Structure formats: C-alpha cells, structure tokens
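Enquirer: Sharing a structure with you now.
The values are calculated or read from the model by the stated rules, or taken from the named source; none is laboratory data. All of these numbers come straight from a predicted model, not from anything done at the bench. Positions of Cβ are backbone-derived with ideal geometry, glycine not excepted, and every protein chain shown enters the neighbour counts. Heavy atoms of the whole protein, side chains included, go into the accessibility calculation; ligands, DNA and RNA do not. Shrake-Rupley method; radii C 1.70, N 1.55, O 1.52, S 1.80 Å.
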Amino acid sequence: MSLLSVVVPCYNEQETVSLFFDATSKILDQMDMDYEIIYVNDGSKDDTLNECIKLYEKHPEVIRVIDFSRNFGKEGALLAGLENAKGDYVTVMDADLQDPPSYLPLMFEELNKGYDVVGTRRVSRKGEPPIRSFFARQFYKLINKFTEVEIVDGARDYRLMTRQVVDSILELKEYHRFSKGLFVWVGYKTKYLEYENVERVAGETSWNFWGLLKYAIEGIIAFTVAPLRMATFMGIIISFIAFCSLIFVVCRALIFGDPVSGWPSMVSIMLFLGGIQLLALGIIGEYLSKTYMEVKKRPNYIIKKIYEKGGKHD
Ligand code: UDP
Ligand code: MG
C-alpha cells in the first residue's frame, strides 16, 4: 500500500493539534492508504509540543513530531516536514483546519486522472479584513507581472504532491524560501480545486498586517530581480529628462540671459533625485543582504528532537 505523509507546521497551536488529528485521521482511516502525520513544532511558546507528544504517545504508528530549537518561521517548518516525509505522496496542511481534510479523497481522485500536483485555492476571502484582501490581490498581480511562472491568486500551501514533485522541490536549496513560488516553479501538471475560505477552528493567526507586508516584499525579492531592473529603468528615464531640461536651460540662458530665479524648483528636483537614489540603493541593499545570507549557507532550521517510532533521537 502506498504511504501518504501529511506535513503540519505548528506555531502556538495547542488547541488545534488534537482537533486536527481527530478530523484528519477520520478521513484518512477511510482511505485505502497508509499515512503518517508529521507535526513540526516551530518553537511554539505555548503547550503545543506537549499536546503533540501526547498525541504521538497515543498513536505512535501514525504520528511523528519534529521539535525545533526555536521559531524558524513557517517556511523552515514546511521544509523540515518535506525533508523528513517518507511518503509516496505528500500533502501540506495548516494545523488550524483552514485546509479542509475532507478534500483529501477528492484530491487523490484528481491525482489519479494524471496530475502530478493537486492544489487548492480560495475563491473567497470571507472573514478576512477587506484591506488585507485588497493588498493580497495587489501582491499577486505585482509578483505575477515579474515572474515567468504564474502564482495563482488565493492558492494555499495545501496541496497533494507525488514523491517526484517533492524531490524536485527539495532540489531547490536556497535559503530564502518563498514556497508559494517554489511550488509553482518546479512545474509539473497541476490542478487547482476551489473552495470557500474557512476560518480557523481555534487559536489566533500568527500574521499581522506588517508581517504580511514583510512576507510580500521578501517574496518578491526572493523570487524576482525585477525591482533591480526597475531602478535601472527609472535611472534611464530620469537622466533623459534631466538631459533635455539641461539643453532647454542652456538655450534659454543663451537667448534670454540668466535671471537668478528658480531655486525652489531646484530644491525639489534635488530632493526628488536624492529620493530616487536612496530608493535604488535600498533595493540594491535588499538583494545584497539576501545574497549575504545565502552565502553563509546557514540551515533553515535546527531540530532539537524527533519523536518517532523505532527510537527517539536527539
Ligand atoms: N506557522 C508556523 N510558524 C510560524 C507561523 C505559522 O509553523 O512562525 C504555522 C501555523 O501554526 C499554521 C500555519 O503555519 O499551521 C499557517 O499559519 P496561520 O494559520 O497563522 O496563517 P493564516 O492561515 O492566517 O495565513
Ligand atoms: Mg491558518
């Protein structure tokens, strides 16, 4: 029988991990398939680890728990899960049941029709602040303008992948991982199932507006070099305009003489140019810092302990 690995990143999810297990195992038990659920405890500050261990002790044959040494972020947790998954098929799910497990049989059905990946996308953003939805939409528009692959608006990380796809994703060794992009970048035949947004069953989302903004900027910088090109482009246009106005000013001075006036416009032009230069420098700085971090080759996460059948090891 084939094996399905379910990767679940958890950060402060003490209320949800057991709810997640109950809901998901109910579905998985009905499927003609072995499964393992990998909880990755991403340095939670609450009782998540103990809740996971309790579950593991009750169901050691289907649960594994990976405990990080601190909070490394969802990307690190996802990667750890994928790297440790043993399944012929792998799926990634949020612990908060926002990714309905009832879709798993459906996803398998689609996969058997000849797809390599079956993803999910939200068609509505019900229950989300409108301002957040607005910025999210703009983000997808922007990043899709820049990238050669299409990152589908509203696509969740919740997806079912074959072993081959997972191995391809693990081939990408970059430090700044933007999984939404990487999942698409590897290609393969993908089908998206659509569903209405579901609110989390318990606990709080760990994203606030600024966190999301930072995630968006990091995503764009990690995934495209378009902003760098934009800086060059802006430089060319502004230099061209400056050159034309220089000719204009010289001609005017030759014909009409040189009345001393116009310093307010001079100051605004200088400030404008100064601003553009700082912006361009900032963009270069962003890429430089990313390169700096990549060059260091630090791991994306550190595992403190893995709880699994056949020996706990540190
Ligand atoms: N998560 C994580 N590390 C973090 C933040 C979040 O592993 O630093 C997990 C979290 O436990 C959840 C998933 O990532 O399972 C998605 O997070 P959340 O539900 O807060 O995000 P949202 O669904 O609101 O986008
Ligand atoms: Mg969630």
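Enquirer: For the chain, modelled as a GNM with alpha-carbon contacts under 10 angstrom, which of A253, A222, A95 fluctuates the most?
Expert: Greatest mean-square fluctuation among the candidates belongs to A253.
Enquirer: Now, a different point. Just to confirm my numbers, what's the Cα centroid distance between the range 37-67 and the range 151-214 in Å?
Expert: So the two Cα centres are separated by 22 Å.
Enquirer: Also: Under a straight-distance cross-link criterion of Cα-Cα below 19 Å, which aspartates and glutamates are reachable from K126, leaving out those fewer than 8 residues away in the same chain?
Expert: Excluding near neighbours in sequence, the set is D94, D96, D99, D153, D157, E194, E196, E199, E204.
Enquirer: Moving on. If I build a Gaussian network model for the chain, linking alpha-carbon pairs within less than 10 angstrom, which residue out of I255, I217, I302 has the largest mean-square fluctuation?
Expert: I255
Enquirer: Beyond 19 Å, what percent of the Cα pairs of the range 154-230 remain? Could the numbers behind the result be given before it?
Expert: Values: 1531 of 2926 pairs.
Value for the range 154-230 (Cα pairs over 19 Å): 52 percent.
Enquirer: Taking the full set of protein chains and a 1.4 angstrom probe, give the accessible area of F209 in square angstrom, rounded to the nearest 10.
Expert: 80
Enquirer: In addition: Rank these by accessible area, largest first, 1.4 Å probe: E148, E294, E15. Write down the numbers at each step before the final one.
Expert: Working: E148 155, E294 60, E15 95 Å².
Result, largest first: E148, E15, E294.
Enquirer: Subtract the Cα-Cα distance of R229 and L170 from 0.36 nm times their separation in residues, and report this length gain in nm to one decimal.
Expert: 18.3 nm
Enquirer: Quick one: if you stick a label point 7 Å off each Cα along the C-beta vector at K126 and L288, how many nm between them?
Expert: Once both label points are built, they end up 5.0 nm from each other.
Enquirer: Same structure, new question: For a label point 7 Å from the Cα of I303 along Cα→C-beta, name the residues of the range 66-103 whose backbone N is under 15 Å from it.
Expert: The answer is 66-70, 76-87.
Enquirer: So what's the range 76-159 giving for Cα Rg divided by 2.2 N^0.38 Å, two decimals?
Expert: On the way: Rg = 14.8 Å, N = 84, 2.2 N^0.38 = 11.8 Å.
For the range 76-159, the normalised Cα radius of gyration comes out at 1.25.
Enquirer: Which residue, chosen from S206, I236, P129, occupies the Cα position most advanced towards the positive end of the dipole of the chain, where the dipole is computed from +1 (Lys, Arg) and -1 (Asp, Glu) charges on Cβ about the Cα centre?
Expert: The listed residue farthest towards the positive side: I236.
Enquirer: In the chain, what percentage of the DSSP-assigned beta bridges are antiparallel, given to the nearest 5? Before the final figure, lay out the partial values.
Expert: Numbers: 12 of 35 bridges.
Bridges in the chain are about 35 percent antiparallel.
Enquirer: By how many degrees, between 0 and 90 and to the nearest 10, does the Cα long axis of helix 226-256 differ from the longest principal axis of the chain?
Expert: 10
Enquirer: If you don't mind, another one. What is the Cα convex hull volume of the range 164-286 when expressed per residue in Å³? Can you show the working numbers first?
Expert: On the way: hull volume 26.2 nm³, N = 123.
Given the Cα convex hull of the range 164-286, per-residue volume reads 213 Å³.
Enquirer: Can you give the angle from 0 to 90° between the axis of helix 130-146 and the longest principal axis of the chain, with both taken from C-alpha atoms, to the nearest 10?
Expert: Value to nearest ten degrees: 70.
Enquirer: Could you list which residues have their amide H under 5 Å from that of Y35, counting only those 5 or more apart in sequence or on another chain, with H placed in the peptide plane?
Expert: Residues meeting the amide H criterion: L4.
Enquirer: What order do T291, T120 take when sorted by accessible area (1.4 Å probe), most exposed first? Write down the numbers at each step before the final one.
Expert: Numbers: T291 75, T120 0 Å².
In descending accessible area the options line up as T291, T120.
Enquirer: Right, another one. Multiplying the sequence separation of L213 and R163 by 0.36 nm and subtracting their Cα-Cα distance, what value in nm do you get?
Expert: Values: separation 50, 0.36 × 50 = 18.00 nm, distance 3.26 nm.
Result for the pair: 14.7 nm of gain on full extension.
Enquirer: Suppose we keep just the alpha-carbon trace of the chain; what are its Rg and Dmax in angstrom?
Expert: 25.1, 92
Enquirer: While we're here: For the full complex of protein chains and a 1.4 angstrom probe, list L254, L142, L82 by accessible area with the highest value first. All intermediate terms of the calculation are to be shown ahead of the outcome.
Expert: Values: L254 145, L142 80, L82 5 Å².
Ranking L254, L142, L82 by accessible area, largest first, yields L254, L142, L82.
Enquirer: I'd like to check one number: the per residue accessible area of the chain, probe 1.4 Å, reported in Å² as a whole number.
Expert: On the way: 17430 Å² over 314 residues.
With the other protein chains kept in place, the chain gives 56 Å² per residue.
Enquirer: To the nearest 10 degrees, how steeply does helix 209-223 sit against the main Cα axis of the chain, on a 0 to 90 scale?
Expert: Roughly 80 degrees, rounded to the nearest 10.
Enquirer: At 1.4 Å probe size, with the rest of the protein present, what percent of the exposed accessible area of the chain is carbon and sulfur atoms?
Expert: On the way: 10600 of 17430 Å².
Carbon plus sulfur share of accessible area: 61 percent.
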